Structure formats: C-alpha cells, structure tokens
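Asks: The structure that follows is given in the form of structure tokens.
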Amino acid sequence: MKRRQFVLSLSALALAAGCTDPRSHSQAVYLLVDTSGTYAEEVGKAQLLVNYLLGTLQPGDSIAVARVRSRSFSEKDIIAKATFDARPSQANAQKRVLKDQVEAFTGSARGSVYTDITGGLIQGALFLKETGAGKKTILIFSDMQEELDRATQRDFPIDLKDIRVVAVNVVKLKTDNIDPRRYMGRLEDWQKRVEAAGAREWRVINDLEHLDALLRS
C-alpha cells in the first residue's frame with residue numbers, strides 16, 4: 001500500500017512539472033495606435049514600430065494592433081492579432097499577414113473626433129491576460145491627450161496588474177510648445193493613473209533603440 005502511495009505521489013509530481021504552461025515564458029504585446037485629431041498624421045510611422053516588433057517577437061509570442069478612436073473599448077478596434085506558431089515557416093507566414101493588415105490600416109486610417117485611450121487600455125489588458133504570457137506590454141502610440149465625448153464614461157479605476165505600459169512617440173502639441181508644463185503634467189497624470197491600476201511599470205520612450213532594451217528585459 002505504501003509503495004502504491006509513493007508511486008502515485010511521484011506521478012503527481014511529474015504531472016505537475018509537465019503541466020507548466022509554456023506560455024508563461026512567452027511575451028505578449030498590445031499596440032494601441034492613436035487615430036484622433038492631428039495625431040492621425042503620425043499613424044504611418046506606426047508601421048515602423050510594427051515591423052520592429054515582428055522582427056523581435058519569437059514563436060509562442062503574441063501581438064495585437066488596435067486603434068484608438070472616439071470609443072476604443074471594443075474587439076472591433078483590433079486591426080490585427082496573432083500568436084506565432086512554433087514552426088518558423090508558419091510564424092513567418094503569420095507575420096506577413098499581420099504586416100499586410102497593418103499596412104492596409106495605416107494607409108486608409110481616418111482621424112476620429114475624440115481619443116479614448118482608457119478604453120483601449122482596458123481592452124488591451126483583457127487581450128493580454130487571455131494570452132497567459134509571462135511578459136505583458138501595452139504600447140501606446142499617441143500624444144497621450146485623451147478627449148472624450150460627454151456620453152463616454154471612463155472616470156473609474158482600471159486593472160493593469162502585471163502589465164508594462166509604454167507610451168511611444170509622444171509628440172508635443174502646439175499648446176505644449178507654449179507651456180512645456182502641459183506636456184510634463186500630462187505624462188505625470190498618466191503615470192499616476194497607470195501605477196494606481198497596478199501596472200508593473202510605466203515608461204515613455206521616443207527612441208526605438210531604447211524600446212529594444214526594454215522588451216528584452
């Protein structure tokens with residue numbers, strides 16, 4: 001009887017070791033692309049960022065590209081997404097499809113009236129958590145100026161636990177040139193909100209070389 005219990009215990013340990021989810025070692029990136037107002041002029045540059053990510057992400061990693069517009073809490077705002085296959089040939093095919101989808105989007109994107117960054121963050125967090133990836137990152141390609149219509153409600157706590165949030169290509173507005181405190185204050189406000197939401201980290205990066213070091217950490 002004791003021998004049988006011992007064998008069963010070893011089997012349980014082996015099963016537990018073998019059930020380690022390989023996704024916990026993978027990386028997932030959710031890229032939010034601002035299409036509102038004057039920032040719509042920057043959308044074409046997002047393709048460079050996507051190309052960089054496609055060259056960096058590995059088999060088993062996940063990526064989604066979504067637009068930020070007047071209301072962004074919707075799966076319909078996800079332009080393209082993929083979890084890359086372990087087979088290199090299949091993963092490369094997935095990357096080509098995703099690249100083409102994003103190119104079609106950046107080539108035809110229309111500017112929106114308002115900017116629902118918060119809704120995009122909530123949708124991005126849901127996507128990342130579903131991937132089960134060990135490293136989860138939301139990249140926000142935006143000037144970080146959120147503008148909502150009166151009907152849209154976003155003034156409530158959000159959950160970004162264990163997610164790294166990085167603002168990329170945060171261009172300065174005309175009002176920022178007049179008073180730089182507007183720019184710094186906007187970023188400080190976002191930092192406070194993101195950290196209060198439990199994010200693993202908040203960063204502002206305007207140089208892709210610095211982004212490379214971040215994603216590898």
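Throughout, read-outs are computed from the coordinates displayed, never taken from laboratory work. Owing to the predicted nature of the structure, the values given are computational and were not obtained by experimental measurement.
Asks: For the chain, with a Gaussian network of springs between Cα atoms less than 10 Å apart, report the residue from 43, 65, 113 with the top mean-square fluctuation.
Replies: Fluctuation is largest for 113.
Asks: Normalising by the residue count of the chain, find the relative contact order in percent from Cα pairs under 8 Å and 6+ residues apart.
Replies: Computed over the chain, the figure is 22 percent.
Asks: From the P(r) of the chain, could you give the percentage of C-alpha pairs in the tail past 25 Å?
Replies: In whole percent, the share of Cα-Cα pairs in the chain beyond 25 Å is 42.
Asks: Please report the relative contact order for region 88-217, taking Cα pairs under 8 Å with a sequence separation of at least 6, and give it as a percent rounded to a whole number.
Replies: Once divided by the residue count of region 88-217, the mean separation gives 23 percent.
Asks: GNM, the chain, Cα, under 10 Å: largest mean-square fluctuation among 199, 28, 167?
Replies: 199
Asks: Additional query: From the Cα gyration tensor of region 111-166, with a ≥ b ≥ c the square roots of its eigenvalues, which class applies: rounded if a/c is under 1.5, or else prolate if a/b is larger than b/c, or else oblate?
Replies: Prolate is the answer for region 111-166, as a/c is 1.5 or above and a/b outweighs b/c.
Asks: Sum -39500 (n - 2.57) across every DSSP H segment of at least 4 residues in the chain, then divide by the residue count to get the 222 nm mean residue ellipticity, nearest 500.
Replies: Dividing the helical sum by the residues of the chain leaves -14000 deg cm²/dmol.
Asks: Could you pull the Rg and Dmax for region 60-157, using just the Cα atoms, both in Å?
Replies: 14.8, 48
Asks: Does region 111-217 come out rounded, prolate or oblate, given a ≥ b ≥ c as the square roots of the eigenvalues of its C-alpha gyration tensor, rounded meaning a/c under 1.5 and, failing that, prolate meaning a/b above b/c?
Replies: oblate
Asks: Please list the non-local residues whose amide H lies under 5 Å from the amide H of residue 80, H modeled 1.01 Å from N, same-chain partners needing a gap of 5 or more.
Replies: Hits under the 5 Å cutoff: 65.
Asks: Let me ask something else. Among the lysines, which fall within straight-line cross-link reach of residue 95, defined as a Cα-Cα distance under 27 Å, with same-chain neighbours fewer than 8 residues apart omitted?
Replies: List returned: 45, 76, 81, 129, 135, 136.
Asks: Among 134, 185, 198, which one moves the most in a GNM of the chain with springs linking Cα atoms closer than 10 Å?
Replies: 185
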